[in-house]
Amino acid sequence: MFASFPRRAVVASMAGMLLAGAAYAHHGWSWAEADQIELSGTIREISMAPPHPTLHVETGTDGLWRIELGNPRQTERSGFVEGVANVGDQIVVLGNRSLDPGEKRLKAVRVSVGGKTFDIYPDRIRTGG
C-alpha cells in the first residue's frame, strides 16, 4: 500500500504542474508588453470559439497578426458578437503585443470595425492623453 504512494504522489504532482502551466501560459497578461499599440488592417479570419475568440488581421506593412479577444462572455458583453465583423472588413485594434518581437500576436483591449467601437477590456484601455 505505501509502496504505491510515492508513485501516485509524483503522478498527481506532475499532473498539477502541467495543468497549472497550461493555465498560466494561456491566461493573463504576462506574455504581453505593458505598452499598447494600435494596429490597422483587414480581417482575414474570425473565430468566436473558446477559450478566446481570435481574429487574424493583415496589415499593409507588417503582414498577418493574431488578435486575441477576451473570453467568449467578456467579448460578447463588449458587443463584439458573431456578425458584427466579417472577413474583408477594415479594423483598428488597440492592444498589448507579445513580448516576443518575432511573434505577431496582440491581446486586444479595444476593437473598432464598421464605425463601431467595442471595448473588450475597458479597465485596461490607455490612450495617449
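The table below lists the values:
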quantity	calculated
Condition met for residue 32 (loosely packed, with under 13 Cβ neighbours inside 10 Å and of a type in the set (A, V, I, L, M))	no
Strands (runs of 3 or more DSSP E) completely within region 40-129 that count 3 or more residues being touching a residue at least 60 places away in the same chain (Cβ under 8 Å)	90-98, 105-113
Qualifying residues in region 13-48 (those that are within 20 Å of residue 104 (Cβ to Cβ) and of a type in the set (Gly, Ala, Ser)) - the one modelled with the lowest pLDDT	25
Single unsatisfied condition, residue 64 versus (1) hydrophobic (A, V, I, L, M, F, W, C); (2) exposed (fewer than 15 other Cβ atoms within 10 Å of the Cβ); (3) in contact with a Phe, Trp or Tyr (Cβ under 6 Å, 6 or more places away or on another chain)	(3)
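Residue by residue, here is whether (1) of a type outside the set (S, T, N, Q); (2) surrounded by 19 or more Cβ atoms within 10 Å (Cβ to Cβ); (3) under 19 Å from residue 40 (Cα atoms) holds:
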residue: 76; (1), (2), (3): yes, no, no
residue: 82; (1), (2), (3): yes, no, no
residue: 93; (1), (2), (3): yes, yes, yes
residue: 103; (1), (2), (3): yes, no, yes
residue: 109; (1), (2), (3): yes, yes, yes
residue: 115; (1), (2), (3): yes, no, yes
residue: 120; (1), (2), (3): yes, yes, yes
residue: 123; (1), (2), (3): yes, no, no
residue: 127; (1), (2), (3): no, no, yes
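The values are calculated or read from the model by the stated rules, or taken from the named source; none is laboratory data. As the structure is a computational prediction, the values presented were derived from the model and not from experiment. Every residue, glycine among them, receives a Cβ derived from its backbone with ideal geometry; neighbour counts consider all protein chains shown.
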